[in-house]
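**Q** Sharing a structure, written as structure tokens. Questions coming.
The values are calculated or read from the model by the stated rules, or taken from the named source; none is laboratory data. Since we're looking at a predicted model, the values are computed, not measured. All accessible areas refer to the heavy atoms of the entire protein, side chains included, with ligands and DNA or RNA removed. Shrake-Rupley method; radii C 1.70, N 1.55, O 1.52, S 1.80 Å.
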Amino acid sequence: MVTIHNLEVRFDIEGEGDEAVFGRLFQKYMRIWRRSESEQQQRSRMAERDRSLGDRGSDGDSQ
């Protein structure tokens, strides 16, 4: 996991405010990051489930 403690972003854009540009780009890349995290969590759950298949009895309890 990566934790960002300090982030400085500078834009030099004509005709549009810096905050609007930053907001649009931030939302775009946060959606990409969230999708990636969700897919990773799903892969981890599937791997855990696959590893545990042989460890369960017919009633679903661990043996």
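**Q** How many residues does segment 1-35 hold that are modelled with pLDDT of 85 or more, open to solvent by 80 Å² or more (accessible area, probe 1.4 Å) and outside any loop (DSSP other than H, G, I, E, B)?
**A** 9
**Q** From the list Ser58, Ser38, Ser44, exactly one residue is modelled with pLDDT under 80 and either open to solvent by less than 90 Å² (accessible area, probe 1.4 Å) or in a loop (DSSP other than H, G, I, E, B) (or both). Which is it?
**A** Result: Ser58 is the single residue among Ser58, Ser38, Ser44 that is modelled with pLDDT under 80 and either open to solvent by less than 90 Å² (accessible area, probe 1.4 Å) or in a loop (DSSP other than H, G, I, E, B) (or both).
**Q** Consider Arg51 against the criteria (1) of a type outside the set (Asp, Glu); (2) modelled with pLDDT under 85; (3) under 13 Å from the mean Cα position of the chain (by Cα): it satisfies all of them except one. Which criterion is unmet?
**A** The failed condition is (3).
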